[in-house]
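Working notes, beginning with the structure itself.
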Amino acid sequence: LVNKGGTGIRIAPEVIAYNGAVTGTQIRGFGGDSDFCGINYDLMLKYWSHCALNKLTVSDCQIQGASPAVRAGKNARRLWLKGCLLSGTQKSPAVVIEKGAEYIFVKDNIFQTENASWPRPLKCAAGLKGLDVKNNVFEDLSKQKPKAEESEK
């Protein structure tokens, strides 16, 4: 559970060096608050510049009601986001990938929204190097809720 304004998991080392993983984790707001970030990934790159050994895998996670569920910052490198259930909010898409991030793979996830008028579930900066988005499912939960009069019958 994450408090308002907080971050569930913050990954901001100088380098990851080989392989980091976040697997099988559930992140949600405390008391229903949606003003928090689920996973925030952004390398510092103060001394190592662009280390070719960085790799982060986020898999089989459920992140509900975050703004955003996953944020890949400008220094994010080699992120595999796969097999997760991620929901966006009225304020933010489920996944935000900022300009400067490189080699981001978003595959086989379920993106949920509770209202079709909310932002698209995936927001990517233009001109990203190595962005690969495949086989994701977008689910609008507002279409699945029964009307009040139907649920009373």
> Taking other Cβ within 10 Å of each residue's Cβ, how do 87, 142 sort, fewest first?
Replying inline: 142, 87
>> Can you say what percent of the DSSP beta bridges in the chain, counting only those with both residues inside, are antiparallel? Round to 5.
In response: 0 percent
> Separation between the residue 4 and residue 129 pseudo-spin-labels, each 7 Å from Cα along Cα→Cβ, expressed in nm?
Replying inline: 4.1 nm
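Report the semi-axes of the equivalent ellipsoid for the chain in whole Å, largest first, where each axis is √(5λ) for an eigenvalue λ of the Cα gyration tensor.
Taking √(5λ) for each Cα gyration eigenvalue gives 30, 16, 13 Å.
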> So who's got an amide H within less than 5 Å of the one on residue 43, skipping anything under 5 residues away but keeping other chains? H placed 1.01 Å off N, in plane.
Replying inline: 75, 76, 77
> Roughly how many nanometres apart are two label points built 7 Å out from the Cα toward the Cβ at residue 25 and residue 62?
Replying inline: 1.7 nm
>> Please list, ordered by chain and number, the residues whose modelled amide H lies under 5 Å from the amide H of residue 133; skip anything fewer than 5 residues away on the same chain.
In response: 106
>> Is there a quick way to get the dipole size of the chain? I mean about its Cα centre, with the Cβ of Lys and Arg at +1 and of Asp and Glu at -1; what is the value in debye to the nearest 20?
In response: 460 debye
>> If the elastic network links every pair of Cα atoms under 10 Å, which of 125, 69, 94 fluctuates the most in the Gaussian network model of the chain?
In response: 125
> Once phi is turned into ³J(HN,Hα) by the Karplus curve 6.51 cos²θ - 1.76 cosθ + 1.60 with θ = phi - 60°, what whole-Hz value does each residue of region 4-12 show in order, with x for glycine and proline?
Replying inline: 3, x, x, 10, x, 9, 10, 10, 9
>> Please list, ordered by chain and number, the residues whose modelled amide H lies under 5 Å from the amide H of residue 36; skip anything fewer than 5 residues away on the same chain.
In response: 5, 67
> Between residue 140 and residue 108, what is the spin-label point distance in nm, taking each point 7 Å from the Cα along the Cα→C-beta axis?
Replying inline: 2.8 nm
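All of the numbers you see were taken from the coordinates with simple rules; none came from a lab. Please read these numbers as outputs of a predicted model, since none were measured by experiment. Cβ coordinates were reconstructed from backbone atoms using ideal geometry, including for glycine residues, and neighbour counts include every protein chain displayed.
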